[in-house]
Amino acid sequence: MAAMRDSAPNGVNGHSNSSISTHPSRFSDVPKAISVAVAEVDGPIDVEISLDDDIQDDPTELCTLLENEDAAKSMWMVVALGYAKQRKPDVAIEVLTKALSALARGRADDRLGILNGLCWLYLLKCREAPRVKPDGQLPSEARTKDFYIQSATSVLNDASRISPSYPPLFLARGVLYLLRASLQPPSKLSSGSQASSERMDTLKQASKCFEDALRASNGKNIMALMGKARVHYSMGKFADALKTYQIILERAPDIIDPDPRIGIGCCFWQLGHKDDAQIAWQRALELNPKSKIALILLGLYNLHLSSQYSTSDPEFADVYKKAMTQYTVPAFKLDDRLPLTCATFGGYYLMRKGMDRVESLARRAIELTDVNAIASDGWYLLARKEHYNDELSKANDYYLKADQARGGDDRGYIPAKFGAAQIKVLMQDFDGAKFRLEKLSQQTKSVEAQTLLGTLYAEDVFTAQTAKSKEDKSNELKKAITLLESVRITWQDSNKKVTPDPSVLLNLARLYETDHPDKSLKCLEQVEQMELDEIPEDDHPQDLEGETALRAALREFLPPQLLNNMGCFQYQSEKYGQARELFQTALNACVKVGEKDQSIDTDALVTTISYNLARTYEAEGMLDEAKRVYEGLLDRHSDYTDAITRLAYIALRQSPTEEGPKAVQKLYQAEPSNLEVRSLYGWYLSKAKKRTANIAEDQEQRHYKHTLQHYDKHDRYSLTGMGNIWLAIAREMRRDTEQDKDKRRKMYEKAVEFFDKALQLDPRNAYAAQGIAIALVEDKKDFATAVQIFTKVRETMKDASVFINLGHVYCEIKQYSRAIENYEAALAKDRARDPQILACLGRVWLLRGKQEKSIQAMKTSLEYSQRALEVAPEQIHFKFNVAFVQIQIAQLIYTLPEAQRTLAEVEAAAAGLDEAIESFSAIARSPNPPFPKNDIEQRANMGRNTMRRQLERAIQNQREYDEKNAARLQQARDMREAEMKKREEERRRAEEAAIEQKRKIAEERQKLEEKDREYIEKRAEEERRRQEFITQDETRRGERSAKAKGRGKRKKKGETTDSDTEGRDTDGGGRRSRQRSIVTSETPGSSGDERPRQKKRKLERKSKNVGKFKSDELIVDSDSEGDAESTPDGTAKHITKDNTDASSQGNKTTRPRKTARVIDEDEDEDDGDATIAEGLTVSSGEGDVSMMETTDRANKSDGHMDNDSESD
C-alpha cells in the first residue's frame, strides 16, 4: 500500500523523501512556559509559569494562583500536561483534582474535559503501577494496577453522568476495558480462544467503545483504530489485527508513537512469519532509533534464531551476543523498568548464574507488566532461580504461578509444567511427576517431557528387577520403550534440531536387554558412534590406514563400561571373536582413563573385564589363555572365588578323571557355603555319580537337598537339579502294572513341583520350563503343549538340550524333517562328536526311511549310527544300533521290487546282513547286553537262516532282471538313437529347405530391387533427356536467329570446319548435335550399362543417287521399347520410305506412325523447329517419355543435316 500525505509519497514508511516531518511526539504541544494574568492594584501583571525542567515540585501555590485568578479549563489542562510531560503524573492528577473543585460551578464541557484528562492520567499510572502489592506495604497504602483502574472507572462514571455521549470518553473507556482485560486470567482450555469468557466479554466491550469512537469521528480517529487492532490481537484474531494495523499505517504512515509497525510485527510473529515480523520491527527502529519496544522485540527475534543452534555451535555465540548487546542492552538503557526487557535480561543472568540480578529483574517484570505472558516469564525466572538453589518448595510454587499466569491446566506454560514435574521428581513424588508429565505429553510432543517420563517408567522397571519383585511391570516396560523410542525418532527430524541424548539410548539398551538383546546392542553401538564423534581431531592417530584400524584405535578413548557391555552382548550372540576384541579394547581404555584421572579407581573395571575376557577364551576353546587370565586375576585378588571356580571347571574339562575332580573337591571344601561353588559341585556329581533307581541313595539329590535345607531354600539351581533327578528316575521306572504306572506318574508330578517352584522364583528360568515340557511329553504325551514350551525356551536359551528335546518331540509326532533339523542344530552347538545326538539322528533317519521306503534314508541312518560307534566304541548299544539298521536295510531291500533296487545295493545289503549277524552274536555273548540275550540270538538266527536265503534269492533274481533289463535297455537305447538320428536328419533337411527358401526369396527380392532400380534410372534418364532437349531447342533457336542475321556464303557439300566437327562431337553445341541426342538412344560419353537401353534410330543415305526429297531414307529401329518393333529373331525391321509413297510405307508398320511431314529446301528452318517441338509427347498411362517421328529432318544424320543447312 502506498500511503499518501498532502499529495506527497510516504517518505517515512520506507521511501527516501526525508523532507516529510514525522508525527509529533507525546506532549510536544505543551509549551515550555505559560503566562497567567494576575490582578494587581496597578493593573494586571503577567506571571510566567515554567513547565519545563524548572517546573515546581509542589503545585499548591500554582493551583492556588489558578484558582484565585479563575483560570480557564485550558490553563489547568496545560499545567497538568506539563507535569505529566516531566514524568510527574501524581502531581498532574493533583492539579486536575483541584481543577475539578475550582470548576465545580463552571460549564459542563469544562468539567468533562477535566474528567477525561484525569481518566487518562489514571490509565497512565496503571501502566506504571505494580501488578501485585509490594512486600512490606499495607493493603490500604498499596497503589496497584487494580487501584488505578478503579479510580479511572470512577472518573469515567462521573463524566458519563454529565454527558454519556461525550466523544472523548469512548476512547478512554475502550482503553480502560483493554487494561482491565489484560489483568484477567486467560482461558484454561487448550482448544478455542485464548481468552476466558469473562475476559472475552471485557474485550467485546472495549471493541464496542472503539467502534463508538470511530463512529463519532467519522472513522478518522487513528487511536480508536489502534485500540480496535489491539482488541483483535488480544482475542487471538491475529489476521484481523494485522489487517487493521495495515489500515492504520496506510492512513497515518508517519505515526511512530504508538507505532503500528510494532503491532504488524507481533501479528506476523503469532502467525508464524517471524522473518516478516523482524522486517516490520526493523523498520520501526529505523524510524525511531529510541524505540525501546522495537529494540527488545528485535532482541527476542535474535534469541529465537540462536535457539536453532546447538550451544556448542559457533553460530550460537554470535547470534546470542548480537541479541543481547545490539538490542537488549540498549532497550534496557532506554527504560530499565520495561517489563519485557527485564524478563529478557533476567534470562541472560540466569544463564550466567547471576541469581541476585535474576531476582530483582523478575520481580520488576512481574510487578510492572500488564501482560500475563510477561508475568509468567517473571515467575518462571524466580522458579528457575529457586530450583537452582534447591529451594524446592518455593520453586514448585513459582512454577505453578508461571503456569497459571498463562492459563494453567490444559493451556498454561509448557516449561513451567515441566519444571514442576522435575520438582516432583526431586521431592520423590514419582507418581505426581508422572501424572503431570502424562498431561504434558497429551498437550504437546515435548521431547524433554517424553524423555523424563520414559526415564521414570524405565526406573520403575529397573527397580523391580533389582529387588527381584514379582510385580508385573510389563505395562511400565512398554510405556518406557514407546516414549524413549519416540524421542529417538525425533532425533532423525532435521527440522526439530534435537541433540541426541546418550542416556536415552542407555536406558533403551537396559530395557531391551532381556527380550531383545540385538536391539540393545544397536543402542550401545549408536552411543559408541556418538562418543567417537565427540573425540577431538587432535586425539586421532595419524599413522593408521583404513577405517577399521582407525576405529579400533579410537575405541580406546571410549568409556570402558560401554565397551564391556557391548562385548557381553556379542558374547551372548555367540560372536566370540568380536567380544574378545571389545574386552581387550576395554582393558586398554581402562589404562587411558587411569592415566587421565588418577582419582578414578579402575581396579574393579579391570577385574570385571578380565573375567569376561577369560570366559570368552573358554567359549572359543582357548583354555590355556583363559587359565592365564584367571591366574592373573588371582594374583591380584586371591579370594576371587569366581575365577577359582572357572579354573576348577577348566581342569574338569581337561582332566575329567584326575586333576578335575581334585580341583572341584578342593574348591568345595574351601567354599562350602558359596552357592556358585555348590552348583558346580552338583553338576560334577551329576556327571560322575553312579546311576541308581533309589532316589535316597542318589548323591546329587542329597547334595541339593542339603543346599536347600541349610543354605538357601530358594536356590533355583538346586530346585531345578532336584526336578531333573526326579524326572530321570521316573523315566526309568517300570510300567508293567497300573500300580507301577501310578508310582511313575507321582514321580513326574514331584519333578514338576520342583520345576514350578523354580519358575515361581524366576519366571525366565528356561531349564525349569524345559523340565516341565519333558514331563508333559513323557507322562501325559502332551506333545502340542511341549512343542510350544520348547519353542519359547529355544528363543531364550541357546543350549543344545533344547534342540535335542525338540527333535525328540517332532520324532514322536512323526515330523521327521523338523526332528532332523533340530538334531543337526544341536550337533552344530560344539557337539559334533556327541554320540547321543548322532544316535538320535540315526534313529530318526531310520524311521523316515521306513516311512518313505527310502534306501538313501536308511543309508544315512547307518552312517550316523556308525559315527556314534566310532566316537564311543565301548558303548555296546551303539554297536547294536548299527547291526539293527543293517538288518532293516536288508529287509527293505528284499521287499522292494527289482525295478527300484540295483544288484549292487542287494549285494551291499547281504554284506551288511552278515556283519549284523556277527554283531548280534557278539552282543549276545557280552555280559550286559542292551536287550535280553535270547532276543538278540533269535534275531541273529533269523538273519542267518531266513534273511540270508532271501537275499541270495534276491541277488539271483536281481541279476537275471538286470541282464534282461540290460538287453531291453540296449534295444531301447538303439531304437532311441536311431529315432534321434532320424529326427536330427529331418531337422537338418528342414533347416536346409528353410535356408534354400530364404535364399530364393532373397534372390527374388534382389531381382525385384534391380528391376525397380532400372525402372527408376530409366525414368530419370528420360526426364533428363527431355529437359536437355528443351534446353538445346532454346539454344538452337537463339543460334538460328544469330545465323539469320549474319549468314554469309554457303559452304560446299562435303566441306566441314573445325567448328562443325566440334559441334558434332559435343552434346550441347549446335542444332545437329541436339537432334542426335534426341533421336539416338545414347548420348556421347554414356554407356548402356549406366542407363536402360533406349530407342535407336539410324539415318542413312539409301544410295549415291539421292532423291529429290530428303525423307527418302532408311530408318532402323532398335529392339528396345521404342516406336518400331523387333522381329522374333532379334533383327531390326527396315522401313523404306520413298518420297512418293511415304504415307503407304508408314501404314505398313506394326504400330501406327504419324505421317512425316515433307519440308522443302526453301522452307524456313523456324517452321522445322516448331515441328520438332510438336513431336514431343508424354504418355499419361505409364509416364514414359517418347519422341514420335515427326519430320524427315529429325531422322537424318549429322551429315545430311549439314548438307541441308548448306542447301538452305
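For region 381-440, the solvent-accessible area of protein heavy atoms averages 46 Å² per residue (probe radius 1.4 Å; ligands and nucleic acids excluded).
Each Lys or Arg adds one and each Asp or Glu takes one away; over the other residues whose Cβ falls under 12 Å from the Cβ of residue 558, this sums to -4.
A straight Cα-to-Cα reach below 21 Å connects residue 627 with the lysines 575, 662, 666, residues fewer than 8 places away in its own chain not being considered. Here region 43-108 exposes an accessible surface that is 47 percent carbon and sulfur, computed with a 1.4 Å probe and the other protein chains kept in place.
For region 722-778, which whole-number percentage of the solvent-accessible area (1.4 Å probe, protein heavy atoms only) is attributable to carbon and sulfur atoms?
48 percent
Eigen-decomposition of the gyration tensor built on the alpha-carbon atoms of region 228-274 gives equivalent ellipsoid semi-axes of 17, 11, 8 angstrom, largest listed first.
Computed packing ranks the peptides 357-366, 110-119, 756-765 as 110-119, 357-366, 756-765, most packed first, by mean other Cβ atoms within 10 Å.
Listed peptides 982-990, 583-591 appear in the order 583-591, 982-990 once ranked by packing, highest mean of other Cβ atoms within 10 Å at the front.
Of the GluC sites (Glu not before Pro) found in region 803-912, those in coil by DSSP whose Cβ has at most 12 other Cβ atoms within 10 Å are 874.
Think of region 38-130 as a dipole: +1 on every Lys or Arg Cβ, -1 on every Asp or Glu Cβ, centred on the Cα centre; then among 92, 116, 106, 116 lies furthest on the positive end.
In debye, nearest 20: dipole of region 909-1035 around its Cα centre with unit charges on the Cβ of K, R (+) and D, E (-)? Mind dumping the intermediate values first?
Details: 30 positive and 31 negative charges, 247 e Å.
That gives a dipole near 1180 debye.
Element breakdown for region 445-547 at a 1.4 angstrom probe: carbon and sulfur atoms account for 47% of the accessible area. Partner lysines whose Cα lies under 18 Å from the Cα of residue 879, excluding those fewer than 8 positions away in the same chain, are identified as 859, 933. Remark: the residue 518-residue 60 segment gains 156.1 nm on full extension, using 0.36 nm per residue and subtracting the alpha carbon distance. Pairwise Cα distances in region 858-993 exceed 21 Å for 56 percent of all pairs.
Place the peptides 213-225, 304-316, 409-421 in order of packing, highest mean first, counting for every residue the other Cβ atoms within 10 Å and averaging per peptide.
Final packing ranking: 409-421, 213-225, 304-316.
Anything over 30 Å Cα to Cα? Flag those among 470/792; 32/204; 743/829, in the order listed. Result: 32/204; 743/829 exceed 30 Å. Taken one residue at a time, the phi angles of region 533-545 give Karplus couplings (6.51, -1.76, 1.60, θ = phi - 60°) of 5, 8, 6, x, 5, 5, 8, 6, x, 9, 9, 9, 10 Hz. Gly and Pro are set to x. Farthest towards the positive end of the charge dipole of region 751-866, among the residues 791, 838, 858, is the Cα of 858, using unit charges on the Cβ of Lys, Arg, Asp and Glu. With label points built 7 Å along Cα→Cβ from the Cα atoms of residue 109 and residue 874, find their separation and express it in nm. Label at residue 109, label at residue 874, 13.3 nm between them. Pairs over the 31 Å Cα-Cα cut-off, from the set 243/401; 145/228; 133/220: 243/401; 133/220.
Set the Förster radius R0 to 22 Å, insert the Cβ-Cβ distance between residue 737 and residue 692 as r into 1/(1 + (r/R0)^6), and round the FRET efficiency to 0.05.
Working: r = 22 Å, r/R0 = 1.00.
FRET efficiency, residue 737 to residue 692: 0.50.
Taking amide H positions as modeled 1.01 Å from N, with prolines and chain starts lacking one, the residues under 5 Å from residue 49 and 5 or more places away or on another chain are 34, 35, 36.
Normalised by the number of residues in region 165-276, what is the relative contact order in percent for Cα pairs under 8 Å and 6+ residues apart? Value for region 165-276: 21 percent. Taking 0.36 nm per residue of separation and subtracting the Cα-Cα distance, full extension of the segment from residue 498 to residue 993 would add 170.3 nm. The relative contact order of region 566-659 comes to 19 percent, based on Cα pairs under 8 Å that sit 6 or more residues apart. With the simple model of a label 7 Å out from the Cα in the direction of the Cβ, residue 392 to residue 665 spans 6.0 nm. Within the full protein context, the accessible area of residue 379 is estimated at about 40 Å² for a probe radius of 1.4 Å.
Looking at region 30-143, the accessible area is 56 square angstrom per residue; that uses a 1.4 Å probe and ignores ligands, DNA and RNA. Strictly over 25 Å apart at the Cα level, which of 424/478; 73/208; 385/417 would you flag in this model? In this structure, 73/208 exceed 25 Å between Cα atoms. Once the Cα-Cα distance is subtracted from the 0.36 nm per residue extended length, the residue 321 to residue 1010 segment shows a gain of 238.8 nm.
The values are calculated or read from the model by the stated rules, or taken from the named source; none is laboratory data. Every value quoted in this text rests on a predicted model; they were computed, and no experiment measured them. In this analysis, Cβ positions are derived from the backbone assuming ideal geometry, glycine residues included, and neighbour counts consider all displayed protein chains. Areas reflect the complete protein model, heavy atoms only, side chains present, ligands, DNA and RNA absent. Shrake-Rupley method; radii C 1.70, N 1.55, O 1.52, S 1.80 Å.
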